[in-house]
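The structure under discussion appears below in the form of structure tokens.
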Amino acid sequence: MTEPLLRVRDLKTYFVTEQGRGTARAVDGVSFDLYPGETLGIVGESGCGKTVTSLSILRLIPEPPGHIRPGSLIEFEGRNLLALAPPDLRAIRGNQIAMVFQEPMTSLNPVFTVGDQIAEAAIIHQRLSRKAARARAIEMLTLVGLPDPAERVDHYPHQLSGGMRQRVMIAMALVCHPKVLIADEPTTALDVTIQAQILELLERLQAELGMAVLLITHDLGVVAGQADRVVVMYAGQVVETAPTTALFDGPLHPYTEGLMAAVPRIDAPKSRLQAIPGQVPAATAWPSGCRFHPRCPHAWTKCTIEEPPLLGDGDHTARCWLVQEPGRRKRQPETE
Amino acid sequence: MTAPLLDIQNLVKHYPGRPPVRAVDGVSLTIAPGQTLGLVGESGSGKSTVGRTILRLQEPTAGRVLFEGEDVFALGTGPLRALRRRMQIVFQDPYSSLNPRMTVGRTLREPLEIHRLAPPAQMEARVTALLDEVGLDPAFAGRYPHELSGGQRQRVGIARALSVEPRFIVCDEPVSALDVSVQAQVLNLLADLQQKRRLTYLFIAHDLAVVRHIADQVAVMYLGRIVERAPAPAIYSAPRHPYTRALLSAVPEPNPRATRERIVLTGDIPSPAHPPSGCPFHPRCPHPKKNDRCRTETPALRVTSDSPAHLAACHFAEEPI
């Protein structure tokens with residue numbers, strides 16, 4: 001059995017809220033493994049903690065107001081990233097673990113050329129000369145399929161389209177050939193035909209470079225097409241984890257089921273969608289017991305009191321008492 | 001056949017510049033009463049500009065819009081204000097379209113006061129009824145936009161549009177800022193309101209899957225032009241324009257066993273300031289029959305199948321890809 005490249009155990013990232021009135025438990029005990037070469041999808045809606053999870057891995061959480069709680073573990077190739085001294089962490093960040101963000105315009109520096117920004121990591125981490133780094137930048141732009149790379153290398157971000165900027169972001173992230181790429185909603189800001197290009201590009205680069213990808217997205221369609229395994233998050237916790245086909249064939253958690261039923265489908269005729277009633281609770285006041293119980297069509301008394309652990313066997317688990325007591329499942333849950 | 005509620009004839013909107021930005025370049029559409037027309041396109045296609053221009057939130061460059069037979073672009077200030085009672089809009093981002101310093105109650109009272117739709121004594125009851133209609137508790141009247149979630153804000157935006165009892169609503173990306181579970185709630189609400197109030201919608205969206213769940217007719221825009229228009233089932237089952245086909249194939253399907261072939265278009269969407277010659281889609285078009293004619297001659301929107309309601313603007317719409 002291969003060893004995981006990245007092990008996350010009981011990660012808790014809390015934020016002190018502005019008015020000091022409480023603590024937002026944005027990520028509240030998250031565990032998962034990322035294996036070499038695989039794509040792990042983390043899927044969830046706004047406020048579920050998926051982005052805070054990814055930022056915590058690279059220790060990019062602003063402190064204060066945020067802090068990662070003692071007892072959390074983020075292990076990369078056997079080293080606990082949370083215990084590393086800043087220079088050791090910098091040697092990993094952007095080098096062995098790199099990140100692509102959702103909004104390429106705000107994550108690129110507007111006053112430097114794209115070539116300079118791609119070259120920076122190669123100069124710092126691989127001690128390339130300026131000249132070699134520039135050649136490397138052009139090579140990377142070619143790799144990500146930017147037209148006229150030798151010319152574009154001297155362009156500024158505002159001179160590029162959204163799709164081209166995202167290609168530049170990917171070139172920047174991959175310049176040091178990282179072992180892990182964290183892609184946080186990499187196509188959410190893009191048009192659908194451009195999204196298709198970027199997803200295809202990520203797939204090709206992963207195959208060529210053999211890296212592991214942690215793909216964070218709200219889009220079940222993107223997950224279905226890209227991920228080998230999926231982690232579903234709700235209210236700061238992992239609520240279900242499974243190989244992608246198993247998850248879509250038979251979701252165990254009512255939240256996952258609800259999410260799948262709520263997605264508009266291009267192959268379904270005009271019809272009502274199944275909505276999940278209510279909304280995501282606030283991170284300062286997660287509900288008692290199972291955090292999904294106020295919105296769950298199957299919930300019974302136990303669910304309001306006792307928090308379920310991840311239940312199930314093997315590689316498909318869900319944080320739901322129904323896994324133990326399937327007889328409690330209601331046949332036709334009322335919608336809305 | 002009933003007369004259309006809205007009849008858009010050769011609408012043009014160019015923004016000044018060198019060269020001018022041809023945001024909308026000759027769009028003709030009709031919407032029958034009680035129906036939903038889905039207007040689909042990517043960034044820069046001009047779909048939002050169409051929505052805003054027909055309400056005269058922006059002045060057109062050319063063209064005509066008839067609403068219940070009335071020439072919208074010929075109206076003076078007074079009649080235009082009266083018309084706005086019948087035509088409303090719901091915006092994508094309910095946060096920036098609600099006044100942050102006004103309570104929800106005041107936001108909903110304002111149009112009622114301006115159009116003198118309720119005497120002061122009945123105002124509170126009307127606001128409560130509107131909130132109830134969009135599924136919000138009466139207590140929301142005292143809250144400010146920042147206290148609401150995205151879905152709740154969008155419900156307020158819808159209640160505000162409904163307050164003047166319109167017949168027609170432009171829904172401009174009304175659910176694209178919302179999470180999937182909430183998006184479904186708002187789409188269902190719009191469908192319910194349409195049935196109850198006999199509303200007609202122009203539903204503008206970039207998401208073809210969302211449009212499928214609400215639209216009766218679909219028009220696809222690319223660079224300021226309609227490239228295909230048909231009853232919704234026909235667009236999804238038998239798209240004729242290569243752009244529509246690519247757009248449909250690019251929608252990620254929530255099914256890991258999906259075998260649908262993805263047509264990945266090369267290149268970016270050109271700028272509407274520099275639209276390509278001939279067919280605006282020709283530089284990205286994957287059609288095997290693409291030739292010089294596509295580069296020089298702009299294809300007309302024409303009937304391309306047995307159905308006279310199915311139109312496409314492609315010289316080779318009849319040929320398989």
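The values are calculated or read from the model by the stated rules, or taken from the named source; none is laboratory data. These figures come from a predicted structure and were not determined experimentally. Here the Cβ positions follow ideal geometry from the backbone for every residue, glycine too, while neighbour counts run over all protein chains shown.
Within region B:56-91, restricting attention to residues that are among the β-branched types (Val, Ile, Thr) and assigned to a helix (DSSP H, G or I), the residue that is modelled with the highest pLDDT is B:Val72.
Selection of region B:1-55 for residues being over 24 Å from B:Ala273 (Cβ atoms), among the polar types (S, T, N, Q) and in a loop (DSSP other than H, G, I, E, B) yields B:Thr2, B:Gln35.
Note on region B:130-142: among residues that are assigned to a helix (DSSP H, G or I) and under 27 Å from the mean Cα position of the chain (by Cα), the one that is surrounded by the fewest Cβ atoms within 10 Å (Cβ to Cβ) is B:Asp132.
Each residue in region A:312-330 was checked for being surrounded by 15 or more Cβ atoms within 10 Å (Cβ to Cβ) and of a type outside the set (D, E, K, R), and 8 pass. Return the residue satisfying two criteria in turn: it lies in region B:266-307 and is in a loop (DSSP other than H, G, I, E, B) and of a type in the set (A, V, I, L, M), and of such residues it is modelled with the lowest pLDDT. Only one residue tops the list, namely B:Ile269.
Just one of the listed residues (B:Thr103, B:Thr77, B:Thr36) is over 26 Å from B:Pro233 (Cα atoms), surrounded by 14 or more Cβ atoms within 10 Å (Cβ to Cβ) and of a type in the set (Ser, Thr, Tyr), and it is B:Thr103. The one condition from (1) touching a helix residue (DSSP H, G or I) at 6+ places or on another chain (Cβ under 9 Å); (2) under 29 Å from B:Ile169 (Cα atoms); (3) more than 11 Å from chain A (Cβ to nearest Cβ); (4) surrounded by fewer than 23 Cβ atoms within 10 Å (Cβ to Cβ) that B:Ala232 does not meet is (3).
Being more than 26 Å from A:Leu60 (Cα to Cα), at pLDDT below 90 and touching a helix residue (DSSP H, G or I) at 6+ places or on another chain (Cβ under 7 Å) is true of A:Leu146.
Hey, does region A:166-176 have a residue that's of a type outside the set (D, E, K, R) and farther than 21 Å from A:Arg152 by Cβ? No: region A:166-176 contains no residue that is of a type outside the set (D, E, K, R) and farther than 21 Å from A:Arg152 by Cβ.
Only one of the listed residues (A:Val213, A:Val222) is farther than 26 Å from A:Cys290 by Cα and either part of a loop (DSSP other than H, G, I, E, B) or facing chain B (nearest Cβ under 7 Å) (or both). That residue is A:Val222.
Of the helices (runs of 4 or more DSSP H) entirely within region A:53-154, those holding at least 2 residues that are within 19 Å of the chain's Cα centre (by Cα) occupy A:104-107.
Evaluation of B:Leu136 against the conditions (1) touching a residue at least 12 places away in the same chain (Cβ under 8 Å); (2) over 16 Å from B:Arg106 (Cβ atoms); (3) within 14 Å of chain A (Cβ to nearest Cβ) shows that the sole unmet condition is (2). Which pairs have Cβ atoms under 7 Å, sit 6 or more apart or on different chains, and link a residue in region A:83-109 that is under 16 Å from A:Ile61 (Cα atoms) and without any contact (Cβ under 8 Å) to a residue 40 or more places away in the chain to one that is among the aliphatic types (A, V, I, L, M) and in a loop (DSSP other than H, G, I, E, B)? If the second residue must be among the aliphatic types (A, V, I, L, M) and in a loop (DSSP other than H, G, I, E, B), the pairs left are A:Arg93/A:Leu58.
Selection within region B:221-238: residues that are under 20 Å from B:Gly46 (Cβ atoms) and of a type outside the set (Val, Ile, Thr). The member of this set that is nearest to the chain's Cα centre (by Cα) is B:Met221. When region B:97-110 is filtered for residues that are part of a loop (DSSP other than H, G, I, E, B) and either touching a His at 6+ places or on another chain (Cβ under 8 Å) or farther than 30 Å from B:Pro33 by Cα (or both), the ones remaining, listed by number, are B:Asn99, B:Pro100, B:Arg101, B:Met102, B:Thr103.
Residue count for region A:266-295 satisfying the condition of being in contact with a helix residue (DSSP H, G or I) (Cβ under 8 Å, 6 or more places away or on another chain), under 20 Å from B:Gln183 (Cβ atoms) and more than 8 Å from every other protein chain (Cβ to nearest Cβ): 4. Restricting attention to region B:259-268, the residues that are at the interface with chain A (Cβ under 7 Å from one of its Cβ atoms) and of a type outside the set (Asp, Glu) total 3. Scanning region B:187-224 for residues that are in contact with a Lys or Arg (Cβ under 7 Å, 6 or more places away or on another chain) and without any contact (Cβ under 8 Å) to a residue 24 or more places away in the chain returns B:Asn188, B:Ala191. For the residues B:Pro145, B:Pro94, the requirement of being surrounded by 20 or more Cβ atoms within 10 Å (Cβ to Cβ), under 24 Å from A:Ala282 (Cβ atoms) and modelled with pLDDT under 90 singles out B:Pro94.
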